[in-house]
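Read the figures in this text as sums done on the coordinates, not as results from a lab. All values reported here derive from a predicted model rather than from experimental measurement. Glycine also receives a Cβ, built like all others from the backbone with ideal geometry; neighbour counts cover every protein chain displayed.
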Amino acid sequence: MKWIRHACRAVILRENRLLAIKMCDRSGVFYVLPGGGQRHGETMKQGLLRECWEEINLEVQVGTLLYVREYIGRNHSFSKYHRDFHQVETVFSCRIPDGAEPTPGSETDRKQIGIEWLDLKTLSSVRFLPTDAVPVIQRAFEQGSDLYLGDIN
């Protein structure tokens, strides 16, 4: 049986830098937003709080919905590995307490090798996934709008 996975992610900015999870796989280093899969019985915000605690060891303050992203694996460059993978992600603007610094949490992702603050202005110069979300994240903080991105890689 095929199913759709739901995940929640956090966009956390501090001084024009974006907090990202540093990952590594066969193709090298890449970055993603903190967050992950929602569990049955959790609200999206509860799932995001748990995932951030597990990955960055901080309690975040969940703010507004920035955008919704859909990923249908067979339509994108990772189709060889994600042929039957379909995920919907809700991405929220989040905050962390002033002065708090993220550290790896108790249940990091298998491919997670660190946490980094990335310069928002030069985000397109690193391998950030999904790539098509970079201008959306930059624009969201300039304009503050909610967006549905559809099926993007």
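A few remarks follow.
- Exposure proxy ranking, count of Cβ atoms within 10 Å, fewest first, for E15, E89, E42: E15, E42, E89
- Pairwise label distance in nanometres, M44 with E101, each label 7 Å out on the Cα-Cβ vector: 3.3 nm
- Amide H to amide H, with H built 1.01 Å from N, L58 comes under 5 Å of W53, counting only residues 5 or more places away or on other chains.
- In loop segments of region 5-81 as defined by DSSP, the trypsin sites (Lys or Arg not before Pro) with at most 13 further C-beta atoms inside 10 Å of their C-beta are R26, R39.
- Per DSSP, loop chymotrypsin sites (Phe, Trp or Tyr not before Pro) in region 1-65 with at most 15 further Cβ within 10 Å: W3
- Positive contributions from Lys and Arg (+1) and negative ones from Asp and Glu (-1), summed over other residues with Cβ under 15 Å from the Cβ of E15, come out at 0.
- Shape category assigned to region 1-74 from the gyration tensor of Cα positions, a/c cut at 1.5: oblate
- Residue among T103, G28, W53 farthest towards the positive dipole end of region 5-151, charges placed on Cβ: G28
- Percentage, to the nearest whole number, of Cα pairs in region 5-151 over 20 Å apart: 46 percent
- Relative contact order, percent, region 1-100 [alpha-carbon distance under 8 Å, six or more residues apart]: 33 percent
- Which of V136, V29, V91 has the fewest Cβ neighbours within 10 Å, and the rest in rising order: V29, V136, V91
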